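Structure first, commentary second.
The values are calculated or read from the model by the stated rules, or taken from the named source; none is laboratory data. Predicted model only: the values in this text are computed from it and were never measured. Cβ sites come from the backbone with ideal geometry, for glycine too, and all protein chains shown count toward neighbours. Quick note on the areas: whole protein, heavy atoms, side chains included, nothing else; ligands and nucleic acids left out. Shrake-Rupley method; radii C 1.70, N 1.55, O 1.52, S 1.80 Å.
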Amino acid sequence: MPLTFETGPVRVRVPATSANLGPGFDALGLALGLHDDVAAEVSAEPGVRVTVTGEGAGELPADDRHLVARAMRATFDVLGGRPTGLALECVNRIPQARGLGSSSAAIVAGVLLARALVVDGLQRLDDAAALRLAAEIEGHPDNVAPCLLGGFTVAWTEPAGARAVSLAVADGVRPTVFVPDERGLTAVARAALPAAVPHADAALTAGRAALLVHALTGAPELLLPATVDRLHQDYRAEGMPGTAALVTALRAAGVAAVVSGAGPTVLALTEPPEGFAPGMGWRSWRLPVEVHGATVVRGRLGHAERDPVAAGRKS
């Protein structure tokens, strides 16, 4: 059946995410209370027009090369057809290329916006299919899953595509992110990983990943031992010496600290000691766990959504 497009705008709020969480390489993720807001509307004018405020303004493409637009095109193709034109407005608060899921947030935003702009989009592409599509575009599901579902997620890939479950997080989990001025690239971080690891390291990490699920959902006092990793962080340390040093310093102080995603941001799952300072070139924000995941509503962005400063985050 041909597509019928909504005549008015829709908007989506998508959260930052932290993946891996130490031993949960490519599987575990956590949604954080730092959001991008994106609005989209079908336009009679051909092509794609994108405006960006906040993080990435003046750097990100303003046309169909923008990642939100690319994800929307991929979704429209799955749904059965593309509109003549699109107008997008992005208010970004998630730092770019820092290991906080900015690309996954853009992909999830694009998938959900395209679906919402089709009158029967949800019937054509349900939530499980949206996750599979977002993971296919991203390449792995560990960031798109918490962005879509919220909370703490365990994601995996089957022959039919990505699947995930979302679990409630224990009250004692208190995330703080330490965000450096420097950027990182996931492709570079993955290139640092060896093709194989010692069996003992794999076994230890599997055990700690299982313990981490228990610690995050019911026993936060076990987060420090539960976040020990031997699969990826040590191999990436040489390329991110400042990140590695900060993780080491926090863990020596008893804080369950890990590299966020591929870095270079550091995620602390328990509160740092009073007065702890990461040093020059770092920003620190206390962020709540985002339990709702991505949310879509009708209408344009309002004054609050257009504010590029992340409300409520503490430095």
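Looking only at residues of the stretch 1-24 that are closer than 17 Å to Arg98 by Cα and of a type outside the set (Val, Ile, Thr), we find that the one that is farthest from the chain's Cα centre (by Cα) is Gly22. Residues of the stretch 259-281 that are within 14 Å of the chain's Cα centre (by Cα) and either free of Cβ contacts under 8 Å to residues at least 40 places away in the same chain or on the phi > 0 side of the Ramachandran plot (or both): Gly261, Gly263.
For the stretch 180-190, how many residues meet the condition of being in contact with a Gly (Cβ under 9 Å, 6 or more places away or on another chain) and open to solvent by 50 Å² or more (accessible area, probe 1.4 Å)? Going through the stretch 180-190 one residue at a time, the tally reaches 4.
May I ask you to say which residue of Pro194, Pro159 is free of Cβ contacts under 8 Å to residues at least 12 places away in the same chain and over 20 Å from the mean Cα position of the chain (by Cα)? Going through Pro194, Pro159 in turn, just one is free of Cβ contacts under 8 Å to residues at least 12 places away in the same chain and over 20 Å from the mean Cα position of the chain (by Cα): Pro159. With respect to (1) at pLDDT below 95; (2) surrounded by 18 or more Cβ atoms within 10 Å (Cβ to Cβ); (3) not aliphatic (A, V, I, L, M), the lone exception for Thr227 is condition (1).
Look at the stretch 282-304: where a residue is more than 27 Å from Asp171 (Cβ to Cβ) and a partner is among the aliphatic types (A, V, I, L, M) and open to solvent by 80 Å² or more (accessible area, probe 1.4 Å), sitting 6+ places away or on another chain with Cβ atoms under 9 Å, you get Ala304/Ala311. Of the residues in the stretch 72-86, at least one is within 23 Å of the chain's Cα centre (by Cα), within 22 Å of Val297 (Cα to Cα), polar (S, T, N, Q) and open to solvent by less than 10 Å² (accessible area, probe 1.4 Å). Within the span defined as the stretch 11-29, every residue fails to be open to solvent by 40 Å² or more (accessible area, probe 1.4 Å) and part of a loop (DSSP other than H, G, I, E, B).
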